[in-house]
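The structure is given below, and queries will be raised subsequently.
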Amino acid sequence: MLGAVVVFLVVLLAAPLHRYLSARSSAAQAQEQARKTQQQLDQLRQLDKQQNDPAYIEQQARQRLQYAMPGETTYIVVSAGQNNSLQQAPPDSSAPTRAPGDTWNQRLWGSLQTADHGS
């Protein structure tokens, strides 16, 4: 008789106990997600504050875009074996080039072909 009562109580309390434990697990997951979201929000606010700082903008312009203030002299250090793009600059040609062809359509088509071949 006592065994039947114990089995009856286990069956009776199993479903509510399962719901309680899953609700606690969901609440813990929601708290963890809220903490992560708050952390991301704090990082984005810090980034926004940084982006509105004129000193940070100037630093990034100097660093990323290699900008300089008027009157400043900039130097680029090239390591041995590093490809120097300044020496490979194409010569300045002030003479206009004319695409081959007699008519406007032929010159247009010739300029497209020249641009397509990269020459």
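Provide the gained length on full extension for the span Ser25 to Thr73, in nm with one decimal, where the gain is 0.36 nm per separating residue minus the Cα-Cα distance.
Numbers: separation 48, 0.36 × 48 = 17.28 nm, distance 6.18 nm.
Going from the current span to full extension adds 11.1 nm.
Any chance you could tell me what percent of the C-alpha pair distances in segment 7-68 go past 19 Å? Present the calculation step by step, with values, prior to reporting the outcome.
Working: 1200 of 1891 pairs.
So the portion of pairs separated by more than 19 Å is 63 percent.
Identify the chymotrypsin sites (Phe, Trp or Tyr not before Pro) of segment 18-83 meeting these criteria: DSSP loop state and at most 11 other C-beta atoms within 10 Å of the C-beta. Mind showing how you got there, number by number?
Numbers: sites: Tyr20, Tyr56, Tyr67, Tyr75; in loops: Tyr67, Tyr75.
Those satisfying the criteria are Tyr75.
Bear in mind these aren't lab numbers, they're just calculated from the coordinates by the rules spelled out. Predicted, not measured: the structure shown is a model, and the values here were computed from it. Glycine also receives a Cβ, built like all others from the backbone with ideal geometry; neighbour counts cover every protein chain displayed.
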